[in-house]
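**Q** I'd like to ask some things about the structure below.
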Amino acid sequence: MLRMQEMIARLLLAFLVGFFIGLEREISHKPAGIRTHTLVCLGSALFTLISSYGFASLIGANPYQPGDPARIAAQIVTGVGFIGGGIIFKDRDHIRGLTTAASIWLTAGLGTGIGAGLYVPSLVAAVLGYLTLKLNRLLRRWGLDDPGEE
């Protein structure tokens, strides 16, 4: 069983990662900012911890209901995809919210990875995701923006 301090550390790290991704979106004046990204990352980490450790006493208790921690992670992906879908809007020939929806989806993945204890891959993905969001702004300054982006 994972120690309580380790669980708390994972939740705190998920909070920080979600906060910094959300801060970038907030600075860019996007519809989902600090609160949304922080809550999605933190919630994903919590659901992953619950999935992995919350039902440990039940695993093996019922032979017809084997434990599968990946089931909750799979539901995080689809549930957050649903949230992201609500952010995407099409206005004539212009699509808005696509990058914000993708950043929320990434944030859920980061929270899930952190909740599972995959610190290095999650932090590398967080840095790469943050750089991608910053790179988009830099490309716009150079006139190389993607017309399908928000």
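**Q** Which whole-number percentage describes the relative contact order of the chain, with Cα contacts under 8 Å and a sequence gap of 6 or more? Present the calculation step by step, with values, prior to reporting the outcome.
**A** Details: 197 pairs, mean separation 41.4, N = 150.
28 percent.
**Q** Now for a different question. Dipole of the stretch 71-150 (Lys/Arg Cβ +1, Asp/Glu Cβ -1, origin at the Cα centre): which of Asn136, Gly86, Thr112 lies farthest to the positive side?
**A** Comparing the listed Cα positions along the dipole, Thr112 ranks first.
**Q** Where does helix 98-115 land angle-wise versus the long Cα axis of the chain, in degrees 0 to 90, nearest 10?
**A** Tilt of helix 98-115: around 30 degrees.
**Q** Let me ask something else. Measure off 7 Å from each Cα along the Cα-to-Cβ vector at Phe89 and Ala9, then give the distance between these two points in nanometres to one decimal.
**A** 4.3 nm
**Q** State to the nearest 20 debye the size of the charge dipole of the chain about its Cα centre, where the only charges are +1 on K and R beta carbons and -1 on D and E beta carbons. Display every interim value, and only then the final one.
**A** Values: 13 positive and 10 negative charges, 39 e Å.
The dipole magnitude comes to about 180 debye.
**Q** Still on this structure: Of Val80, Val120, Val40, which has the largest mean-square fluctuation in a 10 Å C-alpha GNM of the chain?
**A** Largest GNM mean-square fluctuation: Val120.
**Q** Given labels modelled 7 Å from the Cα in the Cβ direction, how far is it in nm from Leu135 to Ala74?
**A** Output for this residue pair reads 3.2 nm.
**Q** Taking only Cα atoms, what is the 0 to 90° angle, nearest 10, from helix 34-49's long axis to the longest principal axis of the chain?
**A** Computed tilt is about 20 degrees.
FYI, it's all coordinate maths here, none of it is from the lab. No experiment lies behind these values; they were computed from the predicted model shown. Backbone-built Cβ (ideal geometry, glycine too); neighbour counts: all protein chains shown.
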